[in-house]
Amino acid sequence: MMARIWTTVVLVATLVFAAEHVRAQEQRVPLRIVITEGVIEPMPIALPTFSVGNPGDRELASRITAVIVDDLTGTGLFRRISPDAYLSSDTGADSRIRFADWRAINAQALIAGSVVTANDVIEVNFRLFDVFAESEFGKGVRFTSDVGSWRRVAHKIADSIYQRITGELPYFDSQVAFISESGAKGNRIKQLAIMDYDGANARALTDGTDIVLAPRFSPDGGLLIYTSYETGTPSVYLLNLRTGARQAVLQNPDMAFAPRFFPDGGKVVLSLTIDGNTDIFEVELGSRKVRRLTSSAAIDTAPSVSPDGNWIAFESDRSRRQQIYIMRARDGEPRRISFGEGRYGTPVWSPTGDYIAFTKQYRGRFHIGVMRADGSDERILTASFLDEGPTWSPNGRNLMFFREEPGELGGPSIYSVDVYGRNLRRINTPQFGSDPSWSPIRR
């Protein structure tokens, strides 16, 4: 694995950025960012517009560069130095780098790239440099694709840069399923929709005839499972994103809702209401065999399976107030893990398995928070009139959720925030957006 990064900026109680920065300049050793809690000072990077093979590619190169910049700076970990300050112009992927020019403007990393198109095929090359060590960070990388996929190429480049510098898994080349909402507040049209993680390329997957809720991706990203009121009562459906084929998971249930996949993709966990009582059930998708997981007079719902498939988190009012419980996926006894003030719901296991995200209602405000799987280390990330529905980025570094604005004209919007409550950002969607679900990294 390549070296991790070039600036240590860790908020634990002291800021060590300045000392590391001076040491690196004096000794020309690689700097490194260790992301443990909250990053205070973004790393200054130089990212000139990618060079082109012919003048007709300039606009495309500018767009690709802009997406890479947005991806990296949107993390809050990087700051692009203004191109007006650049002293060098020989920054193509094959250029010889004059490191002194980049040190003079305090650039710690330099990304140099080129774009060439021919016969509707795009080739993008890039190289990543440690300015103070005067060395290249790994080998140059080449991406080839059809021109229409230029945004994905840009996201993949940004992912590669992010992973090399931080040592963490990437997340830019991913998608988000959500509910696109339009119309009057009391009579909203709700459509299943999908978009790139940054809000680009949004498109509807259903026509809005029926109310749809809570889409969730399969582990391979090829399927969506969601709740629909097509029959008049909530039922769970599977949608194949490659073929468009759709099918009901269960035939004629009383009420079925809040579905999520097991990590193997062959089973789902959901809530079923039978004879007026709501419990958690497991359904094998191949055989449609159903197995009850909880049996309580309480309302047990919003299940989420741990990444290893061994545990299920869910919300229940069995303690007279909505709280979060976990249990073994195979014949486990539920154990309460939320003990703070307020009501807890919508638990979602992180991709790394160490944290559970949740929604918390306390003193008239809604919050998105995280806690460890044993209930310790609770951390509140957001607060508003109504924040709900957290979903994890593929690398577990960020969360998306939706925020409802009050008033007759208010509606839901999708936001992202990192796991330390920093870098809160609104995701642009064509209409109101709710119930986000972050996909795995695309292949």
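From Leu47, Leu72, Leu77, Leu60, grab the single residue that is in contact with a Phe, Trp or Tyr (Cβ under 7 Å, 6 or more places away or on another chain) and under 20 Å from Asn106 (Cα atoms). Spell out the reasoning first.
Details: Leu47 fails: in contact with a Phe, Trp or Tyr (Cβ under 7 Å, 6 or more places away or on another chain); Leu77 fails: in contact with a Phe, Trp or Tyr (Cβ under 7 Å, 6 or more places away or on another chain); Leu60 fails: under 20 Å from Asn106 (Cα atoms).
Matching residue, one of Leu47, Leu72, Leu77, Leu60: Leu72.
May I ask you to say which residue of Thr352, Thr359 is outside any loop (DSSP other than H, G, I, E, B), under 25 Å from Leu424 (Cα atoms) and of a type in the set (Ser, Thr, Tyr)? So that I can check it myself, show each step before the final result.
Working: Thr352 fails: outside any loop (DSSP other than H, G, I, E, B).
Exactly one of Thr352, Thr359 is outside any loop (DSSP other than H, G, I, E, B), under 25 Å from Leu424 (Cα atoms) and of a type in the set (Ser, Thr, Tyr), namely Thr359.
Starting from residues that are of a type outside the set (A, V, I, L, M, F, W, C) and in contact with a strand residue (DSSP E or B) (Cβ under 6 Å, 6 or more places away or on another chain), keep the ones in region 204-218 and report whichever is nearest to Ile441 (Cα to Cα). Let's see the steps before the verdict.
Restricting attention to region 204-218, the residues satisfying the condition of being of a type outside the set (A, V, I, L, M, F, W, C) are 206-210, 215-216, 218.
Filter once more, keeping what is in contact with a strand residue (DSSP E or B) (Cβ under 6 Å, 6 or more places away or on another chain): 206, 208, 210, 215-216, 218.
Numbers: Thr206: 23, Gly208: 28, Asp210: 30, Pro215: 17, Arg216: 14, Ser218: 12 Å.
My answer is Ser218.
Give the residues of region 203-237 that are over 18 Å from Asn187 (Cβ atoms), open to solvent by less than 40 Å² (accessible area, probe 1.4 Å) and among the polar types (S, T, N, Q), sorted by residue number.
Ser218, Thr227, Ser235
I need the full set of residues from region 348-380 which are open to solvent by 20 Å² or more (accessible area, probe 1.4 Å) and under 16 Å from the mean Cα position of the chain (by Cα), in order please.
Scanning region 348-380 gives Trp349, Pro351, Thr352, Gly353, Tyr355.
Can you name every residue in region 348-382 that is under 21 Å from Pro219 (Cβ atoms) and without any contact (Cβ under 8 Å) to a residue 12 or more places away in the chain? Before you say what the answer is, go through the steps one by one.
Step one: list which residues in region 348-382 are under 21 Å from Pro219 (Cβ atoms), which gives 348-357, 373.
If the condition is that a residue be under 21 Å from Pro219 (Cβ atoms) and without any contact (Cβ under 8 Å) to a residue 12 or more places away in the chain, then no residue fits.
Mind counting the residues in region 68-103 that are of a type in the set (D, E, K, R) and either at pLDDT below 90 or open to solvent by less than 20 Å² (accessible area, probe 1.4 Å) (or both)? Please lay out each step first, then the result.
Taking region 68-103 as the starting set, the residues that turn out to be of a type in the set (D, E, K, R) are 70-71, 79-80, 84, 90, 94, 96, 98, 101, 103.
Subsequent filtering for residues that are either at pLDDT below 90 or open to solvent by less than 20 Å² (accessible area, probe 1.4 Å) (or both) retains 71, 90, 94, 96.
Going through region 68-103 one residue at a time, the tally reaches 4.
Table: residues versus (1) open to solvent by less than 70 Å² (accessible area, probe 1.4 Å); (2) polar (S, T, N, Q); (3) touching a residue at least 60 places away in the same chain (Cβ under 8 Å); (4) closer than 23 Å to Thr206 by Cα.
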| position | (1), (2), (3), (4) |
| --- | --- |
| Pro253 | yes, no, no, yes |
| Thr273 | yes, yes, no, no |
| Asp279 | yes, no, no, no |
| Ser287 | no, yes, no, no |
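With the condition kept exactly as written, say whether any residue in region 243-256 is within 23 Å of Met400 (Cα to Cα) and not polar (S, T, N, Q). Explain how you work it out, then say what you get.
Our first condition is that a residue be within 23 Å of Met400 (Cα to Cα); within region 243-256, this holds for none.
Taking every residue of region 243-256 in turn, none turns out to be within 23 Å of Met400 (Cα to Cα) and not polar (S, T, N, Q).
Do we find that Ala202 is of a type in the set (A, V, I, L, M, F, W, C), more than 28 Å from Gly353 (Cβ to Cβ), at pLDDT 95 or above and under 20 Å from the mean Cα position of the chain (by Cα) in this structure? Steps first, please.
Values: of a type in the set (A, V, I, L, M, F, W, C): yes; more than 28 Å from Gly353 (Cβ to Cβ): yes; at pLDDT 95 or above: yes; under 20 Å from the mean Cα position of the chain (by Cα): yes.
Here the answer is yes, as Ala202 does meet what is asked.
For the condition small (Gly, Ala, Ser), open to solvent by less than 20 Å² (accessible area, probe 1.4 Å) and closer than 13 Å to Val348 by Cβ, what is the one hit in Gly389, Gly411? Don't jump to the end; show me each part of the working.
Working: Gly411 fails: closer than 13 Å to Val348 by Cβ.
Step by step, each of Gly389, Gly411 is checked, and only Gly389 is small (Gly, Ala, Ser), open to solvent by less than 20 Å² (accessible area, probe 1.4 Å) and closer than 13 Å to Val348 by Cβ.
Might you let me know whether region 427-440 holds any residue that is in a strand (DSSP E or B), touching a His at 6+ places or on another chain (Cβ under 8 Å), in contact (Cβ under 8 Å) with a residue 12 or more places away in the chain and over 22 Å from His155 (Cβ atoms)?
Step one: filter region 427-440 for residues in a strand (DSSP E or B), giving 427, 432-438.
In the following step, the residues that additionally are touching a His at 6+ places or on another chain (Cβ under 8 Å) were identified as none.
So far as region 427-440 goes, no, none of its residues is in a strand (DSSP E or B), touching a His at 6+ places or on another chain (Cβ under 8 Å), in contact (Cβ under 8 Å) with a residue 12 or more places away in the chain and over 22 Å from His155 (Cβ atoms).
If you take the residues of region 156-197 that are closer than 30 Å to Phe129 by Cα and part of a strand (DSSP E or B), which of them is farthest from the chain's Cα centre (by Cα)? Before you say what the answer is, go through the steps one by one.
Restricting attention to region 156-197, the residues satisfying the condition of being closer than 30 Å to Phe129 by Cα are 156-175, 196-197.
If we keep only those that are part of a strand (DSSP E or B) as well, we get 175, 196.
Working: Gln175: 8, Asp196: 10 Å.
Checked region 156-197; the qualifying residue farthest from the chain's Cα centre (by Cα) is Asp196.
Sort out which residues of region 104-117 are open to solvent by 10 Å² or more (accessible area, probe 1.4 Å) and either free of Cβ contacts under 8 Å to residues at least 40 places away in the same chain or part of a loop (DSSP other than H, G, I, E, B) (or both), and write them in order of number. Spell out the reasoning first.
Restricting attention to region 104-117, the residues satisfying the condition of being open to solvent by 10 Å² or more (accessible area, probe 1.4 Å) are 104-106, 114, 116-117.
Scanning region 104-117 gives Ala104, Ile105, Asn106.
Among the residues of region 292-320, which ones are of a type in the set (D, E, K, R) and loosely packed, with under 13 Cβ neighbours inside 10 Å? It would help to see each step written out before you state the result.
Start the filter on region 292-320 by keeping residues that are of a type in the set (D, E, K, R), which leaves 292, 300, 308, 315, 317-318, 320.
Selection gives Arg292, Asp308, Arg320.
Looking at (1) open to solvent by 10 Å² or more (accessible area, probe 1.4 Å); (2) without any contact (Cβ under 8 Å) to a residue 40 or more places away in the chain; (3) not in a loop (DSSP other than H, G, I, E, B), which one does Lys139 not meet, given that it meets all the others?
It fails just one condition, (3).
Please go through region 303-326 and pick out each residue that is under 14 Å from Asp354 (Cα atoms) and hydroxyl-bearing (Ser, Thr, Tyr).
Going through region 303-326, the residues under 14 Å from Asp354 (Cα atoms) turn out to be 304-313, 326.
Within region 303-326, Ser304, Ser306 qualify.
Being open to solvent by less than 40 Å² (accessible area, probe 1.4 Å) and at negative phi is the filter here, so list the residues in region 255-266 that pass it. Steps first, answer last, please.
Within region 255-266, the subset open to solvent by less than 40 Å² (accessible area, probe 1.4 Å) is 256, 258-259, 261-262, 265-266.
Answer for region 255-266, where residues must be open to solvent by less than 40 Å² (accessible area, probe 1.4 Å) and at negative phi: Ala256, Pro259, Phe261, Phe262, Gly266.
Considering only residues that are open to solvent by less than 20 Å² (accessible area, probe 1.4 Å) and assigned to a strand (DSSP E or B), which ones fall in region 238-251? Even if it seems obvious, please write down each step before you answer.
At the first step, the residues of region 238-251 found to be open to solvent by less than 20 Å² (accessible area, probe 1.4 Å) are 238-239, 249.
Within region 238-251, Leu238, Leu239 qualify.
Looking only at region 405-420, count every residue that is assigned to a loop (DSSP other than H, G, I, E, B) and touching a residue at least 60 places away in the same chain (Cβ under 8 Å) and tell me the total. Lay out the reasoning, then the answer.
Applying the first criterion (assigned to a loop (DSSP other than H, G, I, E, B)) to region 405-420 yields 405-411, 419-420.
Keeping just the survivors that are touching a residue at least 60 places away in the same chain (Cβ under 8 Å) gives 408-411, 419-420.
Residues flagged as assigned to a loop (DSSP other than H, G, I, E, B) and touching a residue at least 60 places away in the same chain (Cβ under 8 Å) within region 405-420 amount to 6.
The values are calculated or read from the model by the stated rules, or taken from the named source; none is laboratory data. Quantities reported herein were computed from a predicted structural model and do not represent experimental measurements. Using ideal geometry, Cβ is built from the backbone for each residue, glycine included, and neighbour counts are taken over all protein chains shown. Side chains are part of the model used for accessible areas, which takes the heavy atoms of the whole protein and leaves out ligands, DNA and RNA. Shrake-Rupley method; radii C 1.70, N 1.55, O 1.52, S 1.80 Å.
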